[in-house]
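See structure below.
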Amino acid sequence: MSWYRNVVWFVKGLREYTRSGYESASKRFDPADLEVDVAGRSFLITGSNSGIGKAAAKEIARRGGTVHLVCRNKERAEDAKGEIVTETGNQNIFLHIVDISNPKEIWKFAEKFKTEHKLNVLINNAGCMVNNRELTENGLEKNFATNTLVVCFSTCFSFICLQVTVSSGGMLVQKLDISDLQSGSGMFDGTMVYAQNKRQQVVLTEQWAKTHRSVHFSVMHPGWADTPAVRSSMPDFYQKMKNSLRTEAQGADTVVWLAVSSEAAKLPSGLFFQDRQPVPTHLPLARTHSPPGDEEKLMEVLEELSQKFKSTSPGSPQCH
């Protein structure tokens, strides 16, 4: 069955996820959706010093939004901030240096941020694809810590009204597997681990939409975009597809649309988007649906794991 999923997904990708796929889809876009002024609204974007995160930050900054960049590398983050300010003329760009793979740092950052800033929209964009199994200083598998656990912690920002998570269409080749969340057994395949993490993000979004009624949740696929992450983590794929990949701005388009458009906010919470429209989370006949019990168990395990790293200081935000 895995070969079937991979073949169907790749054929679908050639048709929809490439630059030509975006150009075809964009013919139905309504330009008025993004002709908005978001001055006075605050947006936090993780992994925003390059790629889709930086492209989204620029577009939001151009529309007057206050943008908080959450990045790990201080030097590259400062370069990105300078570029965004210069290109948009928006001075309300703030920088926060946080290692997203370190849950202890995330707890501390969330607690401090809550006391100093307001936040309307959270964009979970940070991610990684490590092709060899690595453990963080907290003993967590790095892909899992960066791609899945960090998204679990995002509900610490309980004062937001909208959350967007940048996932991947690669999740379509994976069925939720809760038996080995940190990929400790069997052969380690970074691409498939990444795809499993992205499936987990979709499940998290769907589950939170049911329980957090005050927040509008969305998760999206940016298509196959030419980003530094793709070049470094998937060099063979990049070499084969580089002339067909979307630009970073094209990859970020639906992120921006979900974050600022009133039309997007009218749609139900918990949906998976591609090119400004909700799309199925499973390929036909791919057998990737999971029983509700597995989804509930994922939530329980992540909640239990996240609480292990909770700050002990008074007033700590709660993740549920």
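Data for the structure
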read-out	value
Residue, farthest from Val70 (Cα to Cα), within segment 107-125, restricted to residues that are open to solvent by less than 10 Å² (accessible area, probe 1.4 Å) and out of contact with any strand residue (DSSP E or B) (no Cβ under 7 Å at 6 or more places or on another chain)	Trp107
Scope segment 12-49; condition among the charged types (D, E, K, R), surrounded by fewer than 18 Cβ atoms within 10 Å (Cβ to Cβ) and under 28 Å from Val70 (Cα atoms); matching residues	Asp33, Glu35, Asp37
Test: residue in segment 297-319 that is in contact with a strand residue (DSSP E or B) (Cβ under 7 Å, 6 or more places away or on another chain) and either among the aliphatic types (A, V, I, L, M) or over 16 Å from Ala25 (Cα atoms) (or both)	no
Condition check for Lys310: in a loop (DSSP other than H, G, I, E, B) and open to solvent by 30 Å² or more (accessible area, probe 1.4 Å)	yes
Tally, over segment 246-301, of residues that are within 18 Å of the chain's Cα centre (by Cα) and among the charged types (D, E, K, R)	5
Of all residues making up segment 105-148, the number that are closer than 30 Å to Ser185 by Cα, modelled with pLDDT under 90 and aliphatic (A, V, I, L, M)	1
Output for segment 72-106, where each listed residue is part of a helix (DSSP H, G or I), under 13 Å from Thr46 (Cβ atoms) and open to solvent by less than 30 Å² (accessible area, probe 1.4 Å)	Ala77, Ala80, Ile106
Subset tally (residues that are open to solvent by less than 40 Å² (accessible area, probe 1.4 Å) and modelled with pLDDT of 95 or more) for segment 294-306	2
Residues (among the charged types (D, E, K, R) and farther than 15 Å from Gly170 by Cβ) located in segment 1-30	Arg15, Arg19, Glu23, Lys27, Arg28, Asp30
Cys161 vs. criteria under 26 Å from Val256 (Cα atoms) and in contact with a Lys or Arg (Cβ under 7 Å, 6 or more places away or on another chain)	no
Flag for Arg246 being of a type in the set (D, E, K, R) and under 20 Å from Phe10 (Cα atoms)	yes
Failed item, numbered, when Pro280 is tested on (1) within 27 Å of Ser2 (Cβ to Cβ); (2) of a type outside the set (D, E, K, R); (3) free of Cβ contacts under 8 Å to residues at least 60 places away in the same chain; (4) surrounded by 13 or more Cβ atoms within 10 Å (Cβ to Cβ)	(4)
Cβ pairs under 8 Å, 6+ apart, first in segment 86-103 and within 12 Å of Thr66 (Cα to Cα), second modelled with pLDDT of 95 or more and in a loop (DSSP other than H, G, I, E, B)	Asn90/Gly64; Asn90/Gly65; Asn92/Gly65
Segment 283-293, residues that are open to solvent by less than 30 Å² (accessible area, probe 1.4 Å) and touching a Phe, Trp or Tyr at 6+ places or on another chain (Cβ under 8 Å)	Leu283, Ala286
Top-ranked residue of segment 243-276 - restricted to ones that are of a type in the set (S, T, N, Q) and in contact (Cβ under 8 Å) with a residue 12 or more places away in the chain, ranked as surrounded by the most Cβ atoms within 10 Å (Cβ to Cβ)	Thr254
Verdict on Phe237 being without any contact (Cβ under 8 Å) to a residue 24 or more places away in the chain and either surrounded by 14 or more Cβ atoms within 10 Å (Cβ to Cβ) or in contact with a Pro (Cβ under 7 Å, 6 or more places away or on another chain) (or both)	yes
Of all residues in segment 204-234 being β-branched (Val, Ile, Thr), within 23 Å of Trp257 (Cβ to Cβ) and out of contact with any Phe, Trp or Tyr (no Cβ under 6 Å at 6 or more places or on another chain), the one that is surrounded by the most Cβ atoms within 10 Å (Cβ to Cβ)	Thr227
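The values are calculated or read from the model by the stated rules, or taken from the named source; none is laboratory data. Since the structure is predicted, the reported quantities are computational estimates derived from the model, not experimental observations. In this analysis, Cβ positions are derived from the backbone assuming ideal geometry, glycine residues included, and neighbour counts consider all displayed protein chains. Note: areas computed on protein heavy atoms with side chains; ligands, DNA, RNA excluded. Shrake-Rupley method; radii C 1.70, N 1.55, O 1.52, S 1.80 Å.
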